[in-house]
Amino acid sequence: MNLPLVVGVDGSEPSLRAVDWAADEAALRRVPLRIVYASLWERYEGPALAPEVGSVSGRVTAEDILAAASLRALRHHAELSVTTADMLEEPEQALVRESRDASAVVVGTRGRSGLADLLLGSVSLTVAGQADCPVVVIRGNHSNRAVGGGRNHIVVGVADGPTAAVRFAYEEAKRRGVPLEAVRAWRCPVHETVDHPLLTGGPERLYEERAAEELDAALIDAPVEVRLRRRTVEGPAHRALLAASRDAGLLVVGRRRPGHLGPHLGRVAHMVLHHSGCPVVVVPEPE
């Protein structure tokens with residue numbers, strides 16, 4: 001069953017950049033593209049709309065926004081199957097519900113709020129934290145295409161053992177035919193470096209070696225066709241991944257599914273969503 005790839009739009013330029021990326025991804029996956037506009041307001045008037053979204057009356061409606069998004073997707077991939085949906089509800093609720101029957105959900109960093117692009121919009125943050133499928137947040141000062149642009153390799157943050165995020169990264173690397181860089185961060189407790197002056201460098205080496213072993217264990221089922229690069233980095237995980245994102249085409253991280261607290265983003269996912277130099281995929285782990 002080819003589940004559609006869903007992209008949320010609101011008429012802003014960041015959301016249309018998300019459409020460009022989503023159209024490329026849907027074509028790579030050979031799945032339909034579903035463009036969703038959700039708002040409690042019937043129309044919008046304001047300068048934050050993308051230049052190509054407009055109407056004769058000057059009052060932009062959901063139909064205008066969806067038509068512009070569809071044309072933009074088909075401009076790149078004329079053969080793509082594209083459907084649209086206009087929903088009179090909050091976009092967070094609509095996209096989280098759409099995620100139940102989607103292969104992935106794609107959103108922009110922010111909408112028509114006018115906030116700096118460095119900040120992540122509340123819609124993107126909520127959907128990334130609650131969706132049932134992988135969520136791609138399009139950010140970074142790069143080409144808004146899923147392929148090409150010179151920064152093609154994929155980076156995945158590796159936690160404990162083989163994870164859904166790692167498996168997702170394998171598939172994306174195979175689909176694109178690009179290298180996959182697996183990053184595992186490690187840290188040496190301060191008291192160990194201070195309390196053992198005769199073992200200078202010793203404790204650090206032990207933690208680095210352990211991290212390398214854990215990385216190998218997490219990648220034990222890596223497909224032979226994936227060009228895999230293993231890298232251990234000393235320091236906080238979010239800093240290691242942010243540094244790796246600067247010349248990457250895609251950054252993949254996992255999201256735990258805790259019990260009574262419900263789905264939420266961990267510190268690492270939260271930080272990279274706000275500051276990554278490339279698009280970020282948040283992959284929910286199985287319960």
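The values are calculated or read from the model by the stated rules, or taken from the named source; none is laboratory data. The structure displayed is predicted, hence computed values, not measured ones. Glycine gets a Cβ as well: all are built from the backbone with ideal geometry, and neighbour counts include every protein chain shown. The area values use the complete protein model at the heavy-atom level, side chains included, leaving out ligands, DNA and RNA. Shrake-Rupley method; radii C 1.70, N 1.55, O 1.52, S 1.80 Å.
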*Quick one: which residues, 5 or more positions from GLU181 or on another chain, have an amide H under 5 Å from its amide H? H modelled 1.01 Å from N in the peptide plane, none for Pro or chain starts.*
ILE154, VAL155, VAL156, ARG229
*What FRET efficiency do you get for THR83 and ASP160 if R0 is 51 Å and r is their Cβ-Cβ distance, rounded to the nearest 0.05?*
0.85
*Under a Cβ-Cβ cut-off of 13 Å, what is the net charge of the residues other than VAL6 that fall near it, where Lys and Arg count +1 and Asp and Glu count -1?*
0
*Long-range amide H contacts for GLY277: which residues qualify at under 5 Å (H placed 1.01 Å from N, peptide plane, sequence gap of 5 or more or a different chain)?*
SER245, ARG246
*Nearest-10 value in Å² for the accessible area of THR61, using the 1.4 Å probe*: 50
*Sorted by accessible area with a 1.4 angstrom probe, largest first, how do MET271, MET87 fall?*
MET271, MET87
*What's the extension gain from VAL224 to ARG97 if we count 0.36 nm per residue and subtract their Cα-Cα distance?*
42.1 nm
*Peptides 236-242, 15-21 ordered by average Cβ neighbours within 10 Å, highest first*: 15-21, 236-242
*Which order do the peptides 244-252, 94-102 take when ranked by the mean count of other beta-carbon atoms within 10 Å per residue, highest first?*
244-252, 94-102
*Quickly work out the THR61-to-GLU204 label distance, labels modelled 7 Å from Cα along the C-beta direction, and quote it in nm with one decimal.*
6.5
